[in-house]
Amino acid sequence: MKINLVMIVKDEERSLKRCLLAARPFVDEMIVVDTGSTDDTKKIAREAGAKVYDFVWVRDFSAARNYALGKSDADWNLVLDADEYLRPFSRKQLEEVLGKGDRRYGLNGWMGAVLRFDSYRDAVDESREGVGEAELCVHSALLPRVLPGFVRYRGRIHEQPDCELPCMLLPLEADHDGYLVEGKSERNLTYLREAVAEEPENSYYWYQMAVTLRELKQWEESLIWFRRLWKAGADAAESYRTDGILRYLYTLMDLGTSGYLEEAKDVIDTARPFLENRSDFCFVCGLFYMKLVLSDVARYLSYLPRIEASYLACLEIGEHPEAETVAGTGSFKAAYNLGVWYELSGRPLEAKRYYGQAAGDGYKPAEERLKNL
C-alpha cells in the first residue's frame, strides 16, 4: 500500500517545515506543488525530502490541487495544507484501518476523514459570558483528506473532492493554526465572490460567504447569506449547515437589536428539535437567553430559567469533538458560565462548584473567579 502526501503551497515558510516533519512518518513520498512563492518555501520543502513542482496560478485552488494529485502514483493521497500538523500515530495502524475500510466499502470505494482542531481568536470571545478580551478557542472539523488515487477536486475555492464516496473517520488528528494568521479572509472573499458568480445556487458557497463576511465584521452583509442558507434547508445533513446556524445566531446577537434578537429566537425555536443534542447549540442558547432577558427584563423575564437549563444541558451532553464543536461547550466553558450565573444569582456554593469544575479542566478565568469569591 502506497500513501503519498500531496500539497499545494505559496509563501509558507512559517509553517511548512513543521507540517512536513509531522506528516513524513505516515507517507512514502511527499509531493509539494508551489504556486508562486517568493520566500524559502521551496527550499524548505526540498530539505525535508519532498518532490517540488511549480504550477502557474490560475485563480483556482482545485486546478492546483488536481495538478498536484496528478504527480502522485499512490493508492492513497493524504492532502494537507501547510498550516496543518498531524498528531503522532502509527503508519502500521493507519494501514490496518485503511484495509478495514476497503473490506467494508470495497477497494477505492470510500474516503478517509481527518479530525482537525482549528485554533482561532475572536475580537470578543463568543463563548464566555461577562468577559470581553480575546481568547484562544478550538473548533473541531471532520475533513475528507485521505483520498483514493483517482479522486480529484472541484471548486474555485474551499474546494471539495469531486465524488460521492462515503467518508469514514480515521484515527488521524491534526492541529491547524491558519486562522490565527491575518489577511486570509480578505483574500478568500475575492475568490468567493467569483465562485458565487459562477455557481449562484451552490449552498456551500453561501455558507463560506456568510462565514467570511462575519470574520471581517461585515455582519449585515453576512446575514444575507446566513438567511439564504437557513431558508434552503436548516435540517439538512451537511455539517456546514449546522455550523452556519450557530454562526447565524452569534451574528444576530452581535447586532443585538430587538428585531435581530426576535429573529434569533425564531431560529432557535425552529432548530431545537434537530440540534438540542449538541452542546454548542445549547451553549449559544444560554448566551442568547441571557442577552434576551437583559434586553427587556419585563418582557422576557420568563426566559430566565432557560439560561441555567441550557448550560446544564451542555454538561449533560459533554464533549464530542467528532461532532465538530467548539472545545469547552460541553465542559469547562459551560461550567464557567454556570458559575457566573450562580454567582450573579447570589448562590455562591453552586458558583464555586462549577468554577471548580472549569478550573479542574485548566480554565484560567475560572481560577481567577474562584480567587475573588
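The values are calculated or read from the model by the stated rules, or taken from the named source; none is laboratory data. Because the structure is a prediction, the values reported are computed rather than measured. Don't worry about glycine lacking a Cβ; one is built from the backbone with ideal geometry, like all the others, and counts go over all protein chains shown. The accessibility values were calculated without ligands, DNA or RNA, using every heavy atom of the protein model including side chains. Shrake-Rupley method; radii C 1.70, N 1.55, O 1.52, S 1.80 Å.
Against the globular-protein guess of 2.2 N^0.38 Å, express the Cα radius of gyration of the stretch 146-213 as a ratio, rounded to two decimals.
In units of the globular-protein estimate, the stretch 146-213 measures up at 1.30.
What does the charge count around Leu16 come to, taking other residues whose C-beta lies under 13 Å from its C-beta (Lys +1, Arg +1, Asp -1, Glu -1)? Intermediate results must be reported in sequence, preceding the final value.
Working: positive: Lys10, Arg14, Lys17, Arg18, Arg24, Lys42, Lys43, Arg46; negative: Asp11, Glu12, Glu13, Asp34, Asp39, Asp40, Glu47, Asp81, Asp83, Glu84, Asp177.
Computed value for this residue: -3.
Please give the FRET efficiency for Ser302 paired with Ala232, using the beta carbon to beta carbon distance and R0 = 41 Å, rounded to the nearest 0.05.
Approximately 0.80, to the nearest 0.05.
Calculate, in whole percent, how much of the Cα-Cα pair population of the chain lies beyond 36 Å.
Cα-Cα pairs of the chain separated by over 36 Å account for 29 percent.
How high is the relative contact order of the stretch 160-274, given as a whole-number percent (alpha carbon pairs under 8 Å, six or more residues apart)? Display every interim value, and only then the final one.
On the way: 77 pairs, mean separation 19.0, N = 115.
Once normalised by length, the contact order is 17 percent.
For the chain, what is the mean residue ellipticity at 222 nm derived from helices alone (per DSSP H run of n ≥ 4: -39500 (n - 2.57); sum divided by total residues; nearest 500 deg cm²/dmol)?
Details: 15 runs with 188 residues, N = 373.
When only DSSP H runs of four or more count, the value is -16000 deg cm²/dmol.
Leaving ligands, DNA and RNA out of it, rank Glu47, Glu316, Glu308 by accessible area with a 1.4 Å probe, largest first.
Glu316, Glu47, Glu308
I'd like the accessible area for Arg24: 1.4 Å probe, protein heavy atoms, all chains in place, Å² to the nearest 10.
Approximately 110 Å² of Arg24 is accessible to the 1.4 Å probe.
Kindly sort His320, His158, His176 by accessible area of their heavy atoms, largest first, with the probe set to 1.4 Å.
Working: His320 75, His158 50, His176 15 Å².
Result of the area sort, largest leading: His320, His158, His176.
Would you mind putting 210-222, 322-334 in packing order, based on average other-beta-carbon counts within 10 Å, highest first?
322-334, 210-222
Find how much the distance from Asp39 to Ser295 grows on full extension, using 0.36 nm per residue of separation minus their present alpha carbon separation; answer in nm with one decimal.
Fully extending the segment from Asp39 to Ser295 adds 87.0 nm.
For labels at Arg121 and Val138 in the simple 7 Å Cα→Cβ model, what's the distance in nm?
1.8
Simple spin-label model, 7 Å along Cα-to-Cβ: Thr257 to Leu344 in nm?
About 2.4 nm, to one decimal.
With the other protein chains left in place, how much accessible area per residue, in square angstrom, belongs to the chain at a 1.4 angstrom probe?
For the chain, the per-residue accessible area is 46 Å².
At what distance in nm do the modelled label points of Glu220 and Thr270 sit from each other, each positioned 7 Å from its Cα along Cα→Cβ?
In this crude spin-label approximation the distance works out to 2.3 nm.
Measuring from a point 7 Å past the Cα of Leu165 along Cα-to-C-beta, which residues in the stretch 88-117 have an amide N at less than 13 Å?
98-99, 101-114
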